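Participant: Here's a structure for you.
All of the numbers you see were taken from the coordinates with simple rules; none came from a lab. None of these values were measured; they are calculated from a predicted model. Glycine gets a Cβ as well: all are built from the backbone with ideal geometry, and neighbour counts include every protein chain shown.
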Amino acid sequence: MTARAAEDRELIRRYLTGDVEAFDELVRAHEDRVFGVCLRMLQDRDAALDATQDVFLTVFRKADRYKEQAAFSTWLYRVAVNTCYDHLRRQKRKRTEALPEHFDPADPRGRDELDAVELRPDIEVALAALKPEFRSAVLLVDMEGMSLEGAADTLQVPVGTVKSRVFRARKQLADELGNFAPGPEHPRDEP
Amino acid sequence: MNVRDQELIVDLIDGRLDSREEQAAFARLERDAEFRAAYESQSAIAALLVDAPAATMTTTERSTLHAALKRDLHLEPAAPTAATPPSRRRRWLAPIGSLAAAAAVFAGLVVMLPRGADDAADVAMDVTTTSPAAETFESRATDPKAGELSTTTGVQEGVAPAGAPDESAAGESSGEDVEESGAGVAEVQGFEIPHVPVVDLDLLTGSLDDVRQSMLEQASDAGASADTADGRLDACLATLGGSPGILSVEALATTAHDGADAVVVAITPSEGTPSIGLYTLDTCTEVGRTQG
């Protein structure tokens, strides 16, 4: 068990006894990664913030059901991914609804602060084109640095399925972003 | 390229192969152009994503998240009520609070009438027993004025929550009014009203606690938190609670029915079995009911 995992378990125990500081520590320890997963999955900061809130609400409301056999972070990211799936399903349903009359897409936050975490637009578009289950797999493995086993635990699928999804996601991204295969000048192609 | 080749490439990039397997894979790369092309393409995409900036929240987003979580999990430390906007729960408690206050005032008036101590005590007891909301308010009492009222009358439970409408106005209600509405005052539980996208009454089985938990879980799973607990809900609950033969009503969830806002209500009659009803918020019309 990693030090982080052990600390998380202790914080959960403390939270369940009513320790509000433990709650604060748990949120601070994981909020950026949860938000990151939600942002990359939903590709909208407001939606990602809503989803992050939903994730922590779900986790803390069901904290007493947390089984300590699994790492807290695995459970947390599982909830995060499932919450994002739910948001995506709802977005899909709402897509045909009209925007509010006074819809203002301008974001009042500092542009610099946001630019620092934005992906290249072409990557955003390519990621958005992936099926949610492919996106979540490649996101956890390549962007969040999760092991294949960790991603499999989080997504509750076999490791082989994660490998397949990651492979297919990367292939689709390569197709969307242009040919990432080596050109003829690549040393490996030289005789 | 078969599935085994795909998995081999993913394993190779992820560094999961032992040295012997890795050597074999590199040998394959040298002799198999298709395998090599796929590996190069996959490696390039993986590197591109690994190098992507980590997404972090802005300071404002972080503060918003922390505040929302503490509010929704009721972890917020006590704050001066004047500076705090009324929550959904408080807003729909308000009219019920005024009824409880009115009941307390009425009881006080009756006590002071020269009709004999026994009669006064009977009426005061009636007010207490027919106002289940009063009990709920006791633990949330923040208004010292209301506390004074209850001490005067001896109906200690008759305490209004913070933010209740003008109590003096409520106190002007006639005794008859209080008795009529007091008999069916909505019983209020101390939790936020969850919002669930769809409710199938046929699936709401088990005890009231089971149904309540189910609503909370559905709302939690859906991540929904629509704020439909507005004046229509207050009015509908007051109407239902004021109906003859109704002991208490409790809003379990807000939802939608045929595109209109609706509320799921647990209805406990004075006699008989509790039931769960679905009512439109606009007209408080029953659109379905099942036994709770």
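Participant: Percent relative contact order of region A:1-93, based on C-alpha pairs within less than 8 angstrom and at least six residues apart?
Facilitator: Numbers: 66 pairs, mean separation 28.0, N = 93.
Relative contact order for region A:1-93 comes out at 30 percent.
Participant: What lysines does A:LYS92 reach when the alpha-carbon gap must be under 17 Å and sequence neighbours fewer than 8 apart in one chain are set aside?
Facilitator: A:LYS131
Participant: Starting with the fewest neighbours, write out B:HIS66, B:HIS195 ranked by other beta-carbon atoms found within 10 Å of each beta-carbon. Show your work: numbers first, answer last.
Facilitator: Values: B:HIS66 18, B:HIS195 21.
Final ranking by Cβ density, sparse to dense: B:HIS66, B:HIS195.
Participant: Using 0.36 nm per residue of separation minus the Cα-Cα distance, give me the extension gain between A:ARG28 and A:TYR85 in nm, one decimal.
Facilitator: 18.2 nm
Participant: With N set to the number of residues, divide the alpha-carbon radius of gyration of region A:119-180 by 2.2 N^0.38 Å and report two decimals.
Facilitator: That works out to 1.07 for region A:119-180.
Participant: Let me ask something else. Could you list B:ASP14, B:ASP209, A:ASP50, B:ASP282 so that the one with the fewest beta carbons within 10 Å of its beta carbon is first and the one with the most is last? Walk me through the intermediate numbers first.
Facilitator: On the way: B:ASP14 15, B:ASP209 8, A:ASP50 19, B:ASP282 12.
The order, fewest Cβ neighbours first, is B:ASP209, B:ASP282, B:ASP14, A:ASP50.
Participant: For region A:14-78, what ratio Rg/Rh do Cα atoms give with a Kirkwood hydrodynamic radius?
Facilitator: In region A:14-78, Rg relative to Rh is 0.98.
Participant: Turning to a different aspect of this structure: When the C-alpha atoms of region B:3-50 are aligned to their principal axes, what extent does each axis show, in angstrom, from largest down?
Facilitator: 28, 22, 18
Participant: Per-residue Cβ counts within 10 Å, from other chains only, averaged over A:33-44: what number is that?
Facilitator: Rounded to a whole number, the mean comes out at 2.
Participant: Residue by residue through B:9-20, how many Cβ atoms from other chains fall within 10 Å of the Cβ on average?
Facilitator: Mean shielding by partner chains, rounded to a whole number: 3.
Participant: Just checking the output field for A:82-88: average partner chain Cβ neighbours within 10 Å of each residue's Cβ?
Facilitator: 2
Participant: Now for a different question. Pull out the extension gain between A:LYS62 and A:LEU177, defined as 0.36 nm times the separation in residues minus the alpha carbon to alpha carbon distance; nm, one decimal.
Facilitator: Length difference between fully extended and current span is 37.3 nm.
Participant: Roughly how many nanometres apart are two label points built 7 Å out from the Cα toward the Cβ at B:ASP209 and B:MET1?
Facilitator: Label-label distance for B:ASP209 and B:MET1, simple model: 5.6 nm.
Participant: With label points built 7 Å along Cα→Cβ from the Cα atoms of A:ALA5 and B:ASP18, find their separation and express it in nm.
Facilitator: Spacing of the two 7 Å Cα→Cβ label points: 2.3 nm.
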